Amino acid sequence: MTSITITRPDDWHLHLRDGKQLRSVLPHTARQFARAIIMPNLKPPIVTTEMALAYRAQILAALPETLYGSFNPLMTLYLTENTSPSEIIRAKESKAIQGIKLYPAGATTNSDAGVTDITKCYTTLETMEQNNLPLLVHGEVTDTNIDIFDREKVFIDRILAPLTQRFPNLRIVFEHITTRDAVMFVKETSKSIAATITAHHLLLNRNAIFQGGIRPHYYCLPILKREIHRQALLNAATSGNPKFFLGTDSAPHAQTNKENACGCAGIFTAHAAIELYATAFEQAGALDKLEAFASFYGADFYQLPRNSSHITLKKEHWIVPEKFGFANEKLIPLYAGENLTWKMT
Ligand code: DOR
Ligand code: ZN
């Protein structure tokens, strides 16, 4: 195959940051995707509808003129133990907010204000269930006694499984799943739960972090896992099961904060997101399954209309730039300086 045309995709999990950083990264996403679910883990976190609406206005104002009107940021609120049921109603009524994000406190970048005890959120979760507002989950326990490679599985057992029992009609997106355990859980649990999968978790296993030395640009959370898990993710993504759909988790950090004695978690993939997914799907011999994964199933789960415009990818060799500008710093993209074989026209 030398060319594929698919319905314009959406990114159901994205970090855009704010200010000058936002202006640096937004065009990469807006060029490819019609919509994206925007993560609320800013400093300070987006905890109210008012903040989310102001952030949305900031994103729209940061769009280059050529992309104005063609990209729709879908907003989220950051769940805290103080998020009130009335805030949930305001969020729902705004129509701009599509989900409430659960970060276990301390799980990842800017998650300190997250949730320590999920039972403190039960009334709020009940309001979300009643108002059909999805819960988006960073699914890792933060217990330092639990091995970093096991934190997703333990989260399923301790938090997620009980949550799905208690709130059977709460729609849940288990975000950026990384394990076979998560794939099995999502498949076997009710239709209220779905999952996003990143391109980097489809393309890489944990060896990438240690190839010939320590490689900070392959460090993200949840951390890359063993090959058996990557295979399970690839199978799920290419299976045609509508519970699995695209979410890049593109997470830009300045080069100085990645190449650091305590480097930040996050992989930047927005520069070539759909091309990276095409690469993974082609490797699995399943390019015919890309469109539904990238452009249909996410919209269906979020109960939003599918896009009507299209994009075309051509079989073409190109070299990923070594770095991009990122406010006053530099940003190292996934596969910097390496060859890709699909290019969006
Ligand atoms: O690697 C990650 N980076 N994982 C997350 O959950 C957060 C993200 C970020 O915001 O940088
Ligand atoms: Zn994320």
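The numbers here are math on the coordinates, done by the rules we state, and not lab data. Since the structure is predicted, the reported quantities are computational estimates derived from the model, not experimental observations. Glycine gets a Cβ as well: all are built from the backbone with ideal geometry, and neighbour counts include every protein chain shown.
Annotations
- Student exercise, the range 10-308 dipole from Lys, Arg, Asp, Glu Cβ charges, in Debye to nearest 20: 220
- Residues listed by number, the range 238-270, amide nitrogen under 11 Å from LYS330 label point at 7 Å toward C-beta: 255-256
- For the range 116-256, the relative contact order is 23 percent, taking Cα pairs closer than 8 Å that sit 6 or more residues apart in sequence and dividing their mean separation by the residue count.
- Annotation: amide H of LYS330 within the under-5 Å range of GLN255, THR256, sequence separation 5 or more or interchain, hydrogens built in the peptide plane.
- Unit charges at the beta carbon, dipole of the range 1-146: most positive-side option, THR80, MET128, ASN41: ASN41
- The value obtained for the chain, namely the Cα convex hull volume divided by the number of residues, is 126 Å³ per residue.
- Normalised contact order of the range 10-308, rounded percent, pairs of Cα under 8 Å and 6 or more residues apart: 17
- Stretchable slack from LYS20 to SER309, in nm (0.36 nm times residue separation minus alpha-carbon distance): 101.1 nm
- Likely footprinting exposure, HIS28, HIS176, fewest C-beta neighbours within 10 Å first: HIS28, HIS176
- Out-of-range pairs (alpha-carbon distance over 32 Å; input LYS101/LYS314; LYS120/LYS191; LYS191/LYS289; LYS95/LYS243): LYS101/LYS314
- Mean Cα-pair separation over length for the range 1-104, i.e. relative contact order, pairs under 8 Å, 6 or more apart, %: 28
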